[in-house]
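The block underneath contains the structure these notes are about, expressed in structure tokens.
A short reminder: the numbers here are calculations on the coordinates, not readings from a lab. Please read all numbers here as calculations on a predicted model, not as lab measurements. Every residue, glycine as well, gets a Cβ built from its backbone with ideal geometry; the counts of neighbours run over all protein chains shown.
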Amino acid sequence: MILLFLSCQGPATPGDSALQADTAPVADSGEPGETGVDSGDSGELVDTTTDVIVVGSGPAGVAAALSAEAGGANVILFEREDSAGSGLRLGGLAFAVNTPWQAAVGVEDSVDAAAAEWGEITGVSGDSAGPQRFFAESSATLEWLAARGAEIGEPLITAGGGSVARIHPLLWAPGKDPFESVMAGFSGDVRLGVEVTEPLLADGAVVGVRWREVASGLEGSTGARSVVLATGGFLRDLDTVATLRPDLAVREPLFETNPSSTGGGLPFLSAARAGADRPEEIGAYLHSVQDPQQVEGEPLIFSSNGPFILVGADGRRFTKDDALTDLGPMLDAPEGEVWVVAAGIGATAGTFSAPGYNAAEGQGIVKLTAAEVVALGSDEVFEADTLEELATLTGLGSGLVDEVEEFGARVAAGAADPFGRMLDPTDALVDPPWLALQVHPGLAKNFGGAATDVEGHVLDDEGAVIPGLYAAGEVAGMIVGGGSGTGFMGSVGACYQGGLAAGATAAAEAAIPE
């Protein structure tokens, strides 16, 4: 089998590979530590050494850094961006089992109960090692967050969380930066604006990293006994998405993921010869239109509790259209087009909002009406006073008119739906205003990635541990040890739990005498 991570980047050029690093000494970073340490395979002279390096400052990264330090390790955290912790600010819902917050509102839950529902939620067994450890440690993970300044809200029942309230809101004090709150007391180094580019290798083990200051271009190397990769997902790298999921790439996807989700960890994993676990499992949803105020690829996300139908380019229904979270209709759609059509309260109650990372600073999430989106110049959102006018504006023609009339008659008669939708008398589309929007796949989360075990070790293509290398968070498919399947709500809880596990392992193994 060809390693996934060898296929996720362009052909190597001389000097690009960690196996071909130059032998000239790099600039001294000014950090304390040994210098001139030979990294073996790479021939690199490193400027300093430490026990544990963590790459990335999102939920998995901060958890790994703090866990490693709690385990007695000296830690350096590298972050490519100029500011740290954007994932903490954006990750607001955590899946957790058998928590004090559930008990406080009378919710009975257990590891066994979550495992029993995991197959329905994700399509994979909840009895494997990854989900079992995640479930078992999820409550303690939230308690750890609460001790570091997070307020845990009342748990919610949501799609993707099972039949009981397992989705816990994570709230932060107004004006308080979550990264500063969680990392309070951390004594290690945090290096912002520094991109880790590749591993230093010695006899197949990872023994440090090469890095580059983004602003200045200055390059250097740092040695370490352990390196934890927490670099996030790759869904803004459309070349990689196209390699793994060409069916998504051809549907003009939009990005519902952090701007830093560019696959920065993939070349590192490739150079370390890491294996992959279900990297094609991409969480993508069917509720986004292009934001007319943003560059191409940035979404507005539609939400409505009112009735709607999904139709293809011919104006006809073709699927069981009872939710906008299932991507299946996009892949089955005639001519690749999917339209959401709503009327009455389904149109007036519908709102459009940009992801938090695209909101203006200090503004928070702003909800727009369909009329406001149309006024901004959208060519994917249409409003009309009559069904016939909507059919003309959208180009869906008589097929849409006939479909709405036939659907309404079926609802009124209480007839069975040919696509298996459970019809309710309120589902009929009869009253103005009329609304239609052409939606795209919204690429949101990676639920597969680097192959890991439950301790956070990265595995090679044969399932063997790569010494010195660990991973957690989205780069590892959310759950260390695998088991995210097709995805679940509240995955940031798994990022924190996996980071804690990987950091503890990295520290313990860094302390083993050579």
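Observations, loosely collected:
- When the GluC sites (Glu not before Pro) in the stretch 82-157 are filtered for DSSP coil states and for at most 12 other beta-carbon atoms within 10 Å of their beta-carbon, the remaining sites are E108.
- Only helices enter this figure: runs of n ≥ 4 DSSP H residues, each worth -39500 (n - 2.57), summed and divided by the residues of the chain, yield -7500 deg cm²/dmol at 222 nm to the nearest 500.
- Computed from Cα atoms, the angle from the helix 397-413 axis to the main principal axis of the chain rounds to 80 degrees.
- Overall form of the stretch 284-443: prolate. Here a/c, set by the Cα gyration tensor axes a ≥ b ≥ c, is 1.5 or more, and a/b is the larger of a/b and b/c.
- Nearest 10 degrees, 0 to 90: helix 111-122 Cα axis against the chain principal axis: 60
- Checking every one of the GluC sites (Glu not before Pro) in the stretch 185-294 against DSSP loop status and a limit of 15 other Cβ atoms within 10 Å picks out E280.
- The stretch 78-154: relative contact order as a whole-number percent, Cα under 8 Å and 6+ apart: 31
- Residues of type aspartates and glutamates that K367 reaches as a straight line, Cα spacing below 14 Å, ignoring anything fewer than 8 places off in the same chain: D291
- DSSP-assigned coil residues among chymotrypsin sites (Phe, Trp or Tyr not before Pro) in the stretch 396-467, each with at most 14 further Cβ atoms within 10 Å: F419
- Cα centroid separation, the stretch 240-292 to the stretch 438-514 (Å): 16
- Antiparallel bridge percentage (DSSP; both residues within the chain; nearest 5): 75
- Correct choice for mean projected area of the Cα convex hull in nm² that was computed from the model, options (i) 24.7; (ii) 36.5; (iii) 21.3: (i)
- For L77, distant residues with modelled amide H under 5 Å away: V54, D189, V190, R191
- Three-way shape call for the stretch 54-96 based on the alpha-carbon gyration tensor, with the a/c threshold at 1.5: oblate
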